[in-house]
1. Checking the cross-link filter: which aspartates and glutamates have an alpha carbon closer than 12 Å to that of A:K48, excluding same-chain neighbours under 8 positions apart?
2. Taking the 0 to 90 degree range and rounding to the nearest ten, how far is the long axis of helix A:407-417 tilted relative to the main principal axis of chain A, both from C-alpha atoms?
3. What is segment B:173-312's relative contact order, in percent, from Cα pairs under 8 angstrom and six or more apart in sequence?
4. May I ask you to sort B:C288, A:C133 by Cβ crowding, counting other Cβ atoms within 10 Å and putting the fewest first?
5. May I ask you to list the lysines whose Cα is less than 18 Å away from that of B:K167, ignoring any residue fewer than eight positions away on the same chain?
6. What ranking of A:K275, A:K372 emerges when the number of other C-beta atoms within 10 Å of each C-beta is taken as an exposure proxy, fewest first?
7. Using Cα-Cα distances under 8 Å and only pairs 6 or more residues apart, what relative contact order does chain A have, in percent?
8. So how far apart, in nm, are the two label points at A:L14 and A:A362 if each is 7 Å from Cα heading toward Cβ?
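Readers should treat all values here as calculations from the given coordinates under stated rules, not as data from a laboratory. Because the structure is predicted, anything quoted here is derived from the model rather than measured. We place every Cβ from the backbone using ideal geometry, glycine too, and count neighbours over all the protein chains shown.
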Amino acid sequence: MRRFFKTIKATPMLLALIFIAFFFFPAAIIAPAESVSNAIVTAIGLDKQENEYEVTLLTFLSYPNQSYTERYEIFTSTGGTLSEALTKAGLQLGKAVSLFHTHTAVVSENLLKEDIAPALNYLVRVASLPQSCILIGTNVETKLFMEFVKELDAEADLNLEELTFFNSNYVYWNDTSINSFLQGYYSPTETSLISYMPLVESTDDGIPIDKPLQTEEGEQGSANMESGGSGAQTGGTGSGSSGSSSGGSQSSGQQGGQYELINDGNEIIIKKGKKVADIDRDILRGLNWFSSRTTGAVLILDDVNDENFDHAQLAYKVNQKQIRQHFDYENGVPVCTTSIRLFVNLTEVDASKEELKKKNEASYISDAVRDKIEETVKSQISGAVDVFVQNKTDVLEMYEHFYRAQRGQTKKFLKQIGSPDEFLSHVVFKVVVSVFPN
Amino acid sequence: MTKTISSRQGAILAALLLFANKILVLPSLMYESSNADGIFILLALLAVEMLILYMFFKVKEAFPYQSFYEIIKKYMGTIVAKLFYVLLLVYFFFKIMLLFNISYIYFHIQVYIDVAYYLFLFAFLLIMTSSVLRGLRAIGRGLEFFYFFIIGCMFFIILLSFANFDKFPLFFDSPPAQYFKGLFSNLFCFGDMLVLFVLMDKIELKKKDEKKFFKYIGASVVILILIYFMFYSIFGQTSFIHKNAISDIITFSYRFIDLGRLDIIAIVTVMFLSFLQLSIYCYALCECFMKLFSKLSIVYTIVVFDAIFIAVVASSLVNYLTVINLGVNVMGYFAIVLHLILPILVLCFIKFSHRRQP
């Protein structure tokens, strides 16, 4: 013992180690696993029903099992505020709701009728929702959407995260994360774009699942079991767990709707946090010509007449594009000159047998084709700009671009027009398209 | 000699101390006061740091073996020396409180959301206490050991953040009054080179070693500027939301979703930095304390510090919000006073030392 004290005296850091060993190690060993005390939410749905927030959580639950399948459950809760709804969800789960690993946030059109920024602000600043989380709008209740997503994952191994990740990288003009939304929201024009994925009943255009799903009207306590006073509801995977949404609906014998997810690159324009308009794939194509981010677009040229083709339909794939923009004032009017260099490949030819024999190499291009491509690009851009001007939504961030490039003149011009909202309608777009074989 | 550190260790100490309180919440606070022009406030305040460093070299050159306390005492008397050291003592105490609270909130949010405040208190206090007891040389060796790891991680973080680069920050968009307001409210987070004066007699410094200091500190300055630049370019108008700059610049992007939580690099870096910076501040504070109460040994000094620190934290007098409010509103005046007194004192000493030369 004496030797021990001598050692301690000579090396006081040992005392620190003993202190740690006594106080911290036992606590760490006794403490339950994080997965026991925390529910890992991979997607969150936000909705509003009769002045109450409805939060739906797609939650990963770690149960020991002998298969390699991941188990997800859906939990829904309501509250006057989001914090109340999340607290109720926590009670329902018997775990703390952890949003650290949430990749997708889904908002319903109901909620998009009002400013969604305060809700997202709360989730990001207080509830630790990552800002890299992709924001998606949908036409149905988020609860139903989440059920669909869960089933889609179970049936086809297609998850929302992968779909949105692909869209954000290859389809959309910008990334549609919460951060991107908030940047647009706090910009002078207060405009953002978010992804839009509607659920529709039985078309052949969407991604289907085999299982019918219940809507709010049809469920009445069977699809999602209401849990008394808390107002919280649970659903499940349908794999035998209690509170399973699909299991409940089947046992009650009700007919559910057959839904399909439409993922064709549509987006929603959000202004001041509210939905203003939908933009479809055609408008998005026009918008994408202003960004070198998205490649792989296909240009379909009808009625091509040149030295090799007569009334042929040609499809060109854009492999690469280089965009240069110049912002200047001409006679006091803002002019945006966009130079687009396209590197294309001929991918598909719909022409006569003789014509196909003559010219079908990938690098084929003629003056007539160049003119057609230029015409198509310009008409797509014009279509997109018209929509944004009509809605007074400066999605192209023209005001900011001009402010950066010509600050003094933009300030003067703003005084004339009154508001940044009006700016886009005064911008003259000049587009120069150069096409090269790739 | 055993209590001294080499010029290289001194340079690393200064270089790592330059990151204190500047890489987490400060970029966001600067954006709130003066938008992306916060980067110019950073440059201005870094220039102040360089001026303090230059003054340190001048004093060290004139008085190579004396402590700063001895020099003040010699030329201005014991009362002025004690008064100046009381100011430094309070200054370092609030610096520790600020750094401790900012680090705590960072780790609380990023890693240990369920862990109690007191656990952090004891973990940090243990390291500060043991570092002070082991002495400056042990701290110096620790600094040398972790330096390249920390700097390497910082560069890696900046490199990763380039993947999220969006657009050039919008500069010169704030009225001039905002600059001055920003300079004042953020001044307390700077002035880290004051530590060098307190440790003056414990750093072995030859004339040619000044370059070494500028080399190491230059690397820190470049890293700081790059972090602020990337932060403002990535977040733009939403910079005010992001309170953990160094982590946020690499984690916000959906591009990294599949790679998992990359901020582990930032977490480890901040962890080592916080421990080292708190140890240095604590050592400087104890030095001030021992100069004021010369009969107290280092053990009693650190025990007094620990007791006061625990009492302040336990009484909830100072927490994250109050310490930031104090730093922005009150400690700015304190920093101005110290940053003004120091050049005046330095000028006086150099004048006196020249007069004494035959």
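1. Here the aspartates and glutamates satisfying the reach criterion relative to A:K48 are A:E109, A:E114, A:D115, A:E141.
2. It is inclined by approximately 80 degrees.
3. Relative contact order here is 20 percent.
4. So the ranking, lowest neighbour count to highest, is B:C288, A:C133.
5. Excluding near neighbours in sequence, the set is empty.
6. A:K275, A:K372
7. Contact order relative to length: 12 percent.
8. Each label point lies 7 Å from its Cα, and together they span 7.2 nm.
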